[in-house]
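We did not get these values from a lab; they are worked out from the coordinates using the rules stated. Fair warning: this is a prediction, and the values are worked out from it, not measured in the lab. A quick note on method: Cβ atoms are made from the backbone with ideal geometry, for glycine too, and the neighbour counts reach across all protein chains shown.
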Amino acid sequence: MERTTIKQLNNLTIVHHCARNKKLNNKIIDTVKTIAILGSTGSIGTQALEVVRDNPDIFRVSVLSALKNAELLIRQAREFKPETVVICDESQYLHVKESLAGFGIQVLAGEAALTEVAAYPSSDVVLTALMGSVGLKPTIAAIEAGKNIALANKETLVVAGELITELAAKQQIKILPVDSEHSAIFQCLVGEEHNEIEKIYLTASGGPFLGKDKTFLSGVKKEQALKHPNWVMGAKITIDSATLMNKGLEVIEAKWLFNLAVDQIDVIVHPQSIIHSIVQFTDGSMKAQMGVPDMKLPIQYAFTYPDRLKNNFKRFNFLDYPNFSFQQADLETFKNLDLAYTALKRGGNMPCILNAANEVMVDAFLKDKVGFLEMSEVIERCMQEIKFIEKPQLSDYLETDKHSRILAAELVTKSIF
């Protein structure tokens, strides 16, 4: 595979709009940017709204959506007054509609509505902050409608990275990563348009069980796994971080975002979570992006790129972190990361199988149906047993996702690992 240059990364820049009476990098800006936030009640969505709240003269919200948290969605809608809200849980539609009567806000229900609102012409940027593979169809709809994507839903690229990146190139839209690690890589590549990437390093905190062995992990409970040492996140991604599956999904995401070969993507454990990722160029030079752990920073950068917006976020103090440490990720103990590399190397629909089975297993773990180590056992079984498709189409991805979930659920029910 040819080494990647920044010129090849044609999906990674968002056309920026500037806002009235505000300065970005000392440039007066005169157009408000309109944001559709899919998944506004989750961790990324609520932090995105904090960025909007702090900059009302720069950003306006066009769409808000929630899976089932109707009460928070109602409060958000009353404050930010979007054109449309979507509650995916159809049983709560009437409650949301009645609660927003008189606000002039359209209320829609069901997952199909997410695909509809993702293509709304009024949105400049669609922030996909949905959990899991449910983000695939809305992301495709937004791309087909010519919308730039602020991508927080890594599963979309994990499941169908080739399809998504080809469609983005065809539609000439821009994808800007919101994950802190991928945002870091992107920032390190700014100004390096003619230089080749030798390798990237995605940093991992190691999660709450860094250094623990399998004997310890066999008895881990969800309450322990939900205590991430550095980041405040939703339950699903926090469990993924504990198993290192989150880092595995990020490896797959990085392959598609930056057009890299598998051997160009390394994971390094950095418990302090200050260096968010590193790019190494072919001359051996390395660039790293640093900052205190705060997801609002990559969210804001995705909204304002290529400009930077002054804010009051906490600043990094070197004296607070006199020692940075690094270590190799333990792929034997934390098998999910190894499974992710295996899926990426195999290609085709294998990452889709990995992701679907993992979503089922995280849900089962959170419901106390399986143990911590059993999650990777079921995922591996699904990767072995679900039909492999080398060149999948969208319909193949959807069928693979469905069958992988069914098999994983059956294995949990029968306790066959």
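Of Lys68/Lys335; Lys227/Lys335; Lys222/Lys387; Lys222/Lys369, which pairs sit farther than 22 Å apart, going by alpha carbon to alpha carbon?
With Cα atoms farther than 22 Å apart: Lys68/Lys335; Lys222/Lys387.
When the charge dipole of the chain is built from unit charges on Cβ atoms (+1 for Lys and Arg, -1 for Asp and Glu) and taken about the Cα centre, the candidate among Thr333, Val251, Gly291 whose Cα reaches farthest toward its positive end is Gly291. Extension gain for Glu377 to Thr215 (0.36 nm times residue separation, less C-alpha to C-alpha distance): 56.8 nm.
Only helical runs count toward this figure. For the chain, summing -39,500 (n - 2.57) over DSSP H runs of n ≥ 4 and dividing by all residues gives -13000 deg cm²/dmol at 222 nm.
Of the beta bridges in the chain, as assigned by DSSP with both residues counted there, near 35 percent are antiparallel. According to the calculation over all Cα-Cα pairs in region 347-416, the P(r) per 10 Å bin from zero is 24, 54, 20, 3 %. In a simple Cβ point-charge model (Lys, Arg +1; Asp, Glu -1; nothing else charged), the chain has a dipole of about 940 debye relative to its Cα centre. According to the Kirkwood relation over distinct C-alpha pairs, the hydrodynamic radius of region 180-341 is 16.7 Å.
Considering only Pro177, Ala204, Gln264, and ranking their Cα positions along the charge dipole of the chain that arises from unit charges at the beta-carbon of Lys, Arg, Asp and Glu, the one farthest toward the positive end is Pro177. Taking the chain as a Gaussian network of alpha-carbon nodes connected by springs under 10 Å, the highest mean-square fluctuation of the residues Val63, Val362, Val262 belongs to Val262. One Cα centroid belongs to region 80-144, the other to region 270-306; the line between them spans 31 Å.
Taken over region 295-363, the alpha-carbon convex hull comes to 207 cubic angstrom per residue. Each Lys and Arg Cβ is given +1 and each Asp and Glu Cβ -1; about its Cα centre, region 180-341 then shows a dipole of about 780 debye.
Among Lys33/Lys154; Lys247/Lys314; Lys170/Lys310, which pairs are too far apart, with a Cα-Cα distance over 28 Å? Where the Cα-Cα span goes over 28 Å, the pairs concerned are Lys170/Lys310.
With the chain treated as a Gaussian network of Cα nodes joined by springs under 10 Å, which of His228, His182, His276 yields the largest mean-square fluctuation? Largest GNM mean-square fluctuation: His228.
Shown in residue order for region 57-67 are the 3J(HN,Hα) couplings computed by the Karplus curve 6.51 cos²θ - 1.76 cosθ + 1.60 at θ = phi - 60°: 8, 10, 10, 10, 9, 9, 9, 10, 9, 9, 6 Hz (x for Gly and Pro). Output the antiparallel fraction of DSSP beta bridges having both residues in region 180-341, as a percent to the nearest 5. Here the antiparallel bridges make up roughly 70 percent for region 180-341.
Under 1.5 on a/c is rounded, so check that first for the chain, then, if it is not, pick prolate when a/b is larger than b/c and oblate when it is not; a ≥ b ≥ c are the square roots of the alpha carbon gyration tensor eigenvalues. Don't skip to the end; give the middle numbers.
Values: a/c = 1.43, a/b = 1.14, b/c = 1.26.
Since a/c stays below 1.5, the shape of the chain is classed as rounded.
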